[in-house]
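This report refers to the structure that appears directly beneath it.
The values are calculated or read from the model by the stated rules, or taken from the named source; none is laboratory data. These numbers were taken from a predicted model, which means no experiment stands behind them. Positions of Cβ are generated from backbone atoms using ideal geometry, with glycine treated the same way; all protein chains shown enter the neighbour counts. For the accessible areas, the whole protein counts, side chains as well, though only heavy atoms, and no ligand, DNA or RNA atoms are used. Shrake-Rupley method; radii C 1.70, N 1.55, O 1.52, S 1.80 Å.
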Amino acid sequence: MTRRVTLTFDNGPTPTVTPAVLDILGQRGIATTFFVIGGKLKEPAATTLATRAHASGHWIGNHTMTHSVAFGDRTDADYAAHEIEDTQALIGPLAHPDKLFRPYGKSGRIGPHLLSRAAGSILLAKRYCSILWSSVPGDWRDPDGWVERAVADVTAQDWTVVVLHDIDGACLARLPDFLDRLDDLGVELRQDFPDDVVLTRAGLPVSLSDAYIADL
């Protein structure tokens, strides 16, 4: 059985990092998703990078406006609308047709902090495709040691959705090493997502459950 891996990059675009990440991916013909921070897109340099990523075949997803307070920790509807909808407006024509969105996970944790009722209602009503993850190897905490954890996750699962970060002091230095390791494992690199990490799609729940919503 060939294992599958979907690579994603969160928290950019970062002018000091994202260009090199795009170069590495381009040299290897790898297509991924960049889940961008809305606030960063207010800077022209970051918008230019998102445009470059999109033109290179990568998907652009929404990773909230501020990446600061999880929806479960601030449940009012105005906050959810600002974090989700205002970011989507900044992404504009770069958006994937499925309106890809990833909630703030507080260091990659899974739990009821991920969503509020208000956030869940927006994701369903506005037909977002909400994406979680199955590997968060902690590149931002341990830029030297994250590769080994990521490889362990990949070898333990049939289809792994890996979260890396195109920010300073994270995945960049060892990204080529990781991609070499994936080559050695013979994995199939995918750009799409398995249903087990998709909370909502096209206005319908997929793997959404009460376990992801704080204020039921």
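Worth a mention:
One line per residue, one yes/no per condition, for (1) open to solvent by less than 20 Å² (accessible area, probe 1.4 Å); (2) touching a helix residue (DSSP H, G or I) at 6+ places or on another chain (Cβ under 7 Å):
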{"site": "HIS96", "(1), (2)": "no, no"}
{"site": "SER116", "(1), (2)": "yes, yes"}
{"site": "ARG141", "(1), (2)": "no, no"}
{"site": "ARG149", "(1), (2)": "no, no"}
{"site": "LEU164", "(1), (2)": "yes, no"}
{"site": "ALA173", "(1), (2)": "no, no"}
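- Some residue of the stretch 20-40 being in contact (Cβ under 8 Å) with a residue 60 or more places away in the chain and more than 20 Å from ALA150 (Cβ to Cβ): no
- Of all the listed residues (ASP192, ASP210), the sole one being open to solvent by 60 Å² or more (accessible area, probe 1.4 Å) and among the acidic types (Asp, Glu) is ASP210.
- When each of SER130, SER107 is tested for being under 27 Å from ALA214 (Cβ atoms), open to solvent by less than 10 Å² (accessible area, probe 1.4 Å) and among the hydroxyl-bearing types (Ser, Thr, Tyr), the lone residue that passes is SER130.
- Pair list, Cβ < 7 Å and 6+ apart or interchain, from the stretch 54-76 residues that are open to solvent by 60 Å² or more (accessible area, probe 1.4 Å) to residues that are β-branched (Val, Ile, Thr) and not in a helix (DSSP H, G or I): HIS54/ILE60; TRP59/THR33
- Enumeration of residues in the stretch 167-183 that are part of a loop (DSSP other than H, G, I, E, B) and at negative phi: ILE167, ASP168, ALA170, CYS171
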